[in-house]
Amino acid sequence: MKANKPNFKKQLLLLLTFLGLTFAVNAQEIRVGAHGAFPTGDASDVSSFNAGVDASVYFFDINEQVSLGVSTGYTRFFGKDETVGDIKFEYDDFAYIPITASARGLFGTKQNIFYTANLGYAVGLDDADGGFIYQANLGWTNSVIDVFAFYRGISDEITVNSFGAGVAFKVL
């Protein structure tokens, strides 16, 4: 009988989920939303579109304009089909669960322009390798909704980038 090896990805995901729920209890702001994007770089060779869901919890205000928190979600890259000559290539979908620290800032005369900067780790699913993730958002906000553009990169042996847009709703 084989001994079960601990799965690092599952343990990390469980730990970060527990920490996220702990922080959510003290949350000053929770936002959930969805995004759509076009892959760039290495990802555009095998994927035609990227879509997913996001959740952010901000629990520490540095000042009236800047908050710190955590962000996670699920993002899927849809494989593309290509034909070269008589040969058809069908690339598989692949997905990630990003787990990041997040900083959110407000500016503008009405404090309705925002930016976020996220850094962390993307857990790879569907045989995708995980890697370091970075994401920047820039958008418009009010007391209920965010509308934003973003650039995201996931780096390991290859770089999986995407540029897109999303919407998020404030739930707390």
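The values are calculated or read from the model by the stated rules, or taken from the named source; none is laboratory data. Remember, predicted model here, so these are calculated numbers, not experimental data. Cβ coordinates were reconstructed from backbone atoms using ideal geometry, including for glycine residues, and neighbour counts include every protein chain displayed. Heads up: the accessible areas ignore ligands, DNA and RNA and are worked out on the full protein's heavy atoms, side chains in. Shrake-Rupley method; radii C 1.70, N 1.55, O 1.52, S 1.80 Å.
Counting 0.36 nm for each residue step from residue 90 to residue 68 and taking away their Cα separation leaves a gain of 3.8 nm.
What's the magnitude of the charge dipole for region 35-172 around its Cα centre, counting Lys and Arg as +1 and Asp and Glu as -1 at the beta-carbon? Answer in Debye, nearest 20.
Values: 7 positive and 17 negative charges, 179 e Å.
I would put it at about 860 debye.
The residue list 142, 74, 166 was ranked by how far each Cα lies along the charge dipole of region 57-172 toward its positive end, using unit charges on Cβ atoms, and 142 comes out on top.
Label-to-label distance for residue 119 and residue 106 is 2.5 nm, based on points extended 7 Å past Cα in the beta-carbon direction.
For region 48-129, which whole-number percentage of the solvent-accessible area (1.4 Å probe, protein heavy atoms only) is attributable to carbon and sulfur atoms?
Numbers: 2580 of 4490 Å².
Ligands and nucleic acids excluded, carbon and sulfur give 57 percent.
Between the C-alpha center of region 29-80 and that of region 86-136 there is a gap of 5 Å.
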